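**Q** Okay, handing you the structure first.
The values are calculated or read from the model by the stated rules, or taken from the named source; none is laboratory data. Everything numeric in this text was worked out from a predicted model, so none of it was measured. FYI the Cβ positions are ideal-geometry reconstructions off the backbone, even for glycines, and counts take in every protein chain you see. Accessible surface is based on the protein model in full, side chains and every heavy atom, while ligands, DNA and RNA are left aside. Shrake-Rupley method; radii C 1.70, N 1.55, O 1.52, S 1.80 Å.
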Amino acid sequence: MDLFPYLAADDYEQLVFCHDKAAGLKAIIAIHDTTLGPALGGCRMWTYASEADAVTDALRLARGMTYKAAAAGLNLGGGKTVVIGNPKSDKSEALFRALGRYIQSLGGRYITAEDVGTSVVDMDIIHKETDFVTGVSQAYGSGGNPSPMTALGVFRGIQASAKTALGTDDLAGKTIAIQGLGSVGYALAQLLHEAGGRLIVSDINPDAVSRAVSELNATAVGVSEIFGVQCDIFAPCALGAAINDETLERLRCKVVAGSANNQLAEPRHGDVLHQKGILYAPDYVINSGGLINVADELEGYNPERARAKVENIYQIMLDLYSVAMRENLPSHLAADHMAQARIEQMKQVRSTFIRGEKAAWGR
Ligand code: NAD
């Protein structure tokens, strides 16, 4: 693959190839944009079919992190690491220490975190070589499992979506269909139940479904049925691509708002939601609570402060919807525009400051 045209197309800053033969390390760190601050993004370990696939994944994920941090109002850029290897058999202390040394060598331009295939234990090993790591053990000052904060952010985003689409953010008596009752989905279901919401749920794991039925008075439906149930809000909290050509025909909701990443199979599916009059809560904005929580570690983790920032997703979503309405844009495009605008504004602010400094030096 020709790398530089790819980097130029989305204006990537840096791609770092990390190799350590003795440690068995083959990793790629992609830094997309550091206008707002250091690039923060998780470290994914995966058995990629090819090196080109690993590079593409690192670049794609790094760019996604730029938008997520910008939309969440964080002073962070976007980056990602991918480690080529099997997370079940190829991990070692040497591998993660070697990676830690590479991260340290970037001098704070990139900060890593847990992701698919890596854990708190791996982050603790990386932490032996660098301070530019979050999601370490709570003993080292981490915010712990981010899922409850992600769920809280999604809950607040659902309230903002309900206010916009249904005229009230009071969820009492509203019907919410949740696809996926994992770490985030179940915690979200608990918050919605406490708020008086009526739950319809589905999961491939029957235990999670039975628990929601008995603890939260939820109604259980099949994994395919969930897309077609009559509800106010459909909350995809399982895997990506829940909104696609097939499911779009079946949705009977007024809002789509959940935690899953990459909910739209393709961006055009966001346009179709808009045309159908279904309000879509852009995934990377509504599910940014976990990132906001991890980012708080960089200032010395404070649970109250982190929670207050996550609660602010309510206001971020209201602002996003008002931009979408003012500019008559589908909400997924409004989110991209909002993130891009913030980055551009900060570029301007910084260049003004540099010009001011130069003028002062010239005197
Ligand atoms: P998880 O693995 O704990 O939960 C996923 C749940 O979805 C599981 O219970 C699984 O059985 C269920 N599931 C899988 N396929 C299904 C299907 N076809 N129908 C119904 N249920 C199905 O994951 P999680 O941490 O709760 O994350 C859920 C989603 O939110 C993922 O897309 C993840 O990328 C995203 N997300 C999570 C966080 C976080 O803090 N954990 C942050 C941002 C985004």
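**Q** Can you tell me which residue in the range 85-114 is farthest from V16 (Cα to Cα), limited to those that are under 22 Å from the mean Cα position of the chain (by Cα) and either among the aliphatic types (A, V, I, L, M) or buried (at least 20 other Cβ atoms within 10 Å of the Cβ) (or both)?
**A** Taking the candidates together, the pick is E114.
**Q** Something else now. Regarding T168, is this residue away from the ligand (no atom under 16 Å from the Cβ) and either touching a helix residue (DSSP H, G or I) at 6+ places or on another chain (Cβ under 6 Å) or not assigned by TED's automatic domain parsing to the domain that holds G300 (or both)?
**A** no
**Q** Considering only the range 239-270, state which residues are small (G, A, S) and more than 16 Å from the ligand (Cβ to nearest atom).
**A** Matches in the range 239-270: G270 only.
**Q** Out of everything in the range 23-79 that is of a type in the set (D, E) and closer than 21 Å to N262 by Cα, what residue ends up being surrounded by the most Cβ atoms within 10 Å (Cβ to Cβ)?
**A** Per the criteria, the residue is D33.
**Q** Next up: Within the range 282-330, how many residues are of a type in the set (G, A, S) and more than 18 Å from T66 (Cα to Cα)?
**A** So the answer is 5.
Residues checked against (1) closer than 16 Å to A334 by Cα; (2) in contact with a helix residue (DSSP H, G or I) (Cβ under 9 Å, 6 or more places away or on another chain); (3) open to solvent by 40 Å² or more (accessible area, probe 1.4 Å):
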position	(1), (2), (3)
V229	no, no, no
C237	no, yes, no
D245	no, yes, yes
R252	no, yes, yes
A260	no, yes, no
A265	no, yes, yes
D271	yes, yes, yes
H274	yes, yes, yes
Y280	yes, yes, no
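**Q** Mind listing whichever residues of the range 142-157 are touching a residue at least 12 places away in the same chain (Cβ under 8 Å) and either more than 9 Å from the ligand (Cβ to nearest atom) or touching a strand residue (DSSP E or B) at 6+ places or on another chain (Cβ under 6 Å) (or both)?
**A** Answer for the range 142-157, where residues must be touching a residue at least 12 places away in the same chain (Cβ under 8 Å) and either more than 9 Å from the ligand (Cβ to nearest atom) or touching a strand residue (DSSP E or B) at 6+ places or on another chain (Cβ under 6 Å) (or both): S142, G143, L152, F155, R156, G157.
**Q** Quick check: anything in the range 187-199 under 19 Å from the mean Cα position of the chain (by Cα), within 13 Å of the ligand (Cβ to nearest atom) and at positive phi?
**A** No, the range 187-199 contains no residue that is under 19 Å from the mean Cα position of the chain (by Cα), within 13 Å of the ligand (Cβ to nearest atom) and at positive phi.
**Q** Does at least one position in the range 44-51 carry a residue that is free of Cβ contacts under 8 Å to residues at least 60 places away in the same chain, more than 22 Å from E129 (Cβ to Cβ) and in a helix (DSSP H, G or I)?
**A** So far as the range 44-51 goes, yes, one or more of its residues are free of Cβ contacts under 8 Å to residues at least 60 places away in the same chain, more than 22 Å from E129 (Cβ to Cβ) and in a helix (DSSP H, G or I).
**Q** OK, next. Looking only at the range 220-238, count every residue that is over 27 Å from the mean Cα position of the chain (by Cα) and either away from the ligand (no atom under 15 Å from the Cβ) or not assigned by TED's automatic domain parsing to the domain that holds D169 (or both) and tell me the total.
**A** Going through the range 220-238 one residue at a time, the tally reaches 1.
**Q** Any idea which of S183, S161 is buried (at least 16 other Cβ atoms within 10 Å of the Cβ) and either among the aromatic types (F, W, Y) or within 12 Å of the ligand (Cβ to nearest atom) (or both)?
**A** Result: S183 is the single residue among S183, S161 that is buried (at least 16 other Cβ atoms within 10 Å of the Cβ) and either among the aromatic types (F, W, Y) or within 12 Å of the ligand (Cβ to nearest atom) (or both).
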